[in-house]
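Asks: Below are the structure tokens for one structure; questions will follow.
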Amino acid sequence: QVTALCLYPDLLANPSFPEDAKARARQLLAASGGVGSYSASPGIPLVREKVARFLERRDGVTARPQDIFLSTGASDAIVSILKLLVSGEGPSRTGVLVPIPQYPLYSAAIAELGAVQLNYYLAEEQNWALDVAELRRAVTEGRGRCCPRVLCIINPGNPTGQVQSLQCIKDVIKFAYEEKLFLMADEVYQDNIYAEGSAFHSFKKVLFEMGPPYSEVVELASFHSVSKGFMGECGFRSGFMEVVNMDPEVHQQLTKLVSVRLCPPVPGQVLLDTVVDPPQPGDPSYELFMSEKQAVLSALAHKARLTEEIFNRTPGIRCNPVQGAMYSFPRIHLPPRACAAAQAEGQAPDMFFCMKLLDETGICVVPGSGFGQREGTFHFR
């Protein structure tokens, strides 16, 4: 409703729209000069302030609007940070630690920028947990051919659907501190937590709970998006990042870098405003908003449990508990004849399985080889 009112302000005279939606639209139109105008490159100042207040409520830690950059979805912000951090040649080239399985945006951006991808494997047998010993192995092996500078974390996980524990996040922060790594925390599924005993802990909140020296030194960029969660408004291309402990001169270069693309889509910024500052108790829209939000999240939680249960009843498929995000990443056990048939058709075995599944059932899934997996194992998302 707010987005419609901003796109077509004549609707402000329409009595069928609730008054809180009209008030929000008037506020955003005044702050933006209209959704057909450019905004400031890092985003509309009012919306950045709203994001800062959202983060303060979430984490109990001060957030500064000048550290928040609105973006064309989280993907745009992730690529901007990688552009900022990639440098050097040969052994001095930036190395970027990426989880395997991973969201292919990372491998594609790293390849495009000419950085070095350093894979660390999530532990499937421990519900895709992150092991710091595996991070240490990846850094040690990478040092011979590049300079490891960046550590990417996806929590909750895509494609694996796990939620990292509080202790795991603390261990990762300590590791980043010891190795002087810039942390990139992809937290776009933070609203999607389903498993009993699982909880979302933002890297920023944990960092500041740990206190000095970590909270004063560890550099962090965290990402969020309106494409995921209960919103699913992917087409508006809207998200944001917050940077923490970034050197002021580097911060200035980031501001220049995002200025190159002028500004994120303004209708997407309008939508983001309503996500980070939703209707409150007593507002005309509150009850409808809450009922719709809870319906979406409860349906996703039901599907997460159903997915795990049905796959684990299916011969040849094993699925870890789906703790969060919007995906499961089941392991498939393919017999030697299937692997041979795949080889004969020039396909990876899991791609062969996925194409047969599509042909015979109409069900479309994505092969695990598109995300990375341990040698000799096969999955699909």
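The values are calculated or read from the model by the stated rules, or taken from the named source; none is laboratory data. Source: prediction; values computed, not measured. As a convention, Cβ positions derive from the backbone with ideal geometry for all residues, glycine included, and neighbour counts pool all protein chains shown. Just the protein is used for accessible areas: all its heavy atoms, side chains included, with ligands, DNA and RNA removed. Shrake-Rupley method; radii C 1.70, N 1.55, O 1.52, S 1.80 Å.
Asks: Regarding the stretch 62-74, can at least one residue be identified that is more than 28 Å from residue 107 (Cβ to Cβ) and open to solvent by less than 30 Å² (accessible area, probe 1.4 Å)?
Replies: Yes, the stretch 62-74 contains a residue that is more than 28 Å from residue 107 (Cβ to Cβ) and open to solvent by less than 30 Å² (accessible area, probe 1.4 Å).
Asks: Please go through the stretch 56-80 and pick out each residue that is farther than 13 Å from residue 225 by Cα and in a helix (DSSP H, G or I).
Replies: 56, 57, 58, 59, 65, 66, 67, 79, 80
Asks: Continuing with this model, one more query. Mind telling me which of the residues 291, 298 ends up being among the small types (Gly, Ala, Ser), part of a helix (DSSP H, G or I) and at pLDDT 95 or above?
Replies: Residue meeting the stated conditions: 291.
Asks: Quick check, is residue 37 open to solvent by 20 Å² or more (accessible area, probe 1.4 Å), touching a strand residue (DSSP E or B) at 6+ places or on another chain (Cβ under 9 Å) and part of a loop (DSSP other than H, G, I, E, B)?
Replies: No: the conditions fail for residue 37.
Asks: Here's something else I'd like to know. Mind counting the residues in the stretch 252-280 that are loosely packed, with under 13 Cβ neighbours inside 10 Å, without any contact (Cβ under 8 Å) to a residue 40 or more places away in the chain and part of a loop (DSSP other than H, G, I, E, B)?
Replies: Qualifying residue count, the stretch 252-280: 2.
Asks: Only residues in the stretch 295-316 that are closer than 20 Å to residue 350 by Cβ count as the first member; pair them with residues that are open to solvent by 70 Å² or more (accessible area, probe 1.4 Å), Cβ under 8 angstrom, at least 6 apart or cross-chain, and list the lot.
Replies: Listed by first residue and then by second, the contacts come to 311/318; 312/318; 316/333.
Asks: Show the residue pairs that are 6+ apart or on different chains and have beta-carbon atoms under 6 Å apart, the first residue being within the stretch 224-243 and under 13 Å from residue 274 (Cα atoms), the second being assigned to a strand (DSSP E or B) and of a type in the set (Ser, Thr, Tyr).
Replies: 239/71; 239/225
Asks: For residue 26, are the conditions met, namely being among the basic types (Lys, Arg), surrounded by fewer than 18 Cβ atoms within 10 Å (Cβ to Cβ), under 24 Å from residue 286 (Cβ atoms) and within 21 Å of the chain's Cα centre (by Cα)?
Replies: Criteria not met by residue 26.
Asks: Can you confirm whether residue 359 is charged (D, E, K, R), over 23 Å from residue 164 (Cα atoms) and buried (at least 16 other Cβ atoms within 10 Å of the Cβ)?
Replies: Against the criterion (charged (D, E, K, R), over 23 Å from residue 164 (Cα atoms) and buried (at least 16 other Cβ atoms within 10 Å of the Cβ)), residue 359 does not qualify.
Asks: Here's something else I'd like to know. Could you list all residues from the stretch 316-373 that are modelled with pLDDT under 95 and among the acidic types (Asp, Glu)?
Replies: Correct list: 345, 350.
Asks: Follow-up. Please verify whether the stretch 203-215 includes one or more residues that are assigned to a strand (DSSP E or B), open to solvent by less than 20 Å² (accessible area, probe 1.4 Å) and closer than 20 Å to residue 135 by Cβ.
Replies: Looking through the stretch 203-215, none of the residues is assigned to a strand (DSSP E or B), open to solvent by less than 20 Å² (accessible area, probe 1.4 Å) and closer than 20 Å to residue 135 by Cβ.
Asks: Now a separate question. Output yes when any residue across the stretch 222-244 is over 19 Å from the mean Cα position of the chain (by Cα) and open to solvent by less than 40 Å² (accessible area, probe 1.4 Å), and no when none is.
Replies: Checked against the condition, which is being over 19 Å from the mean Cα position of the chain (by Cα) and open to solvent by less than 40 Å² (accessible area, probe 1.4 Å), the stretch 222-244 yields no hits at all.
Asks: What is the number of the single condition among (1) surrounded by fewer than 19 Cβ atoms within 10 Å (Cβ to Cβ); (2) in the same structural domain as residue 132 (by the TED database) that residue 13 does not meet?
Replies: The number of the failed condition is (2).
Asks: Name every residue in the stretch 23-43 that is under 12 Å from residue 7 (Cα atoms) and of a type outside the set (Ser, Thr, Tyr), in order of residue number.
Replies: 25, 26, 28, 29, 33, 34, 35, 36 - these are the residues of the stretch 23-43 that are under 12 Å from residue 7 (Cα atoms) and of a type outside the set (Ser, Thr, Tyr).
Asks: Let me confirm something: among 341, 325, which residue is without any contact (Cβ under 8 Å) to a residue 24 or more places away in the chain and among the hydrophobic types (A, V, I, L, M, F, W, C)?
Replies: It is 341.
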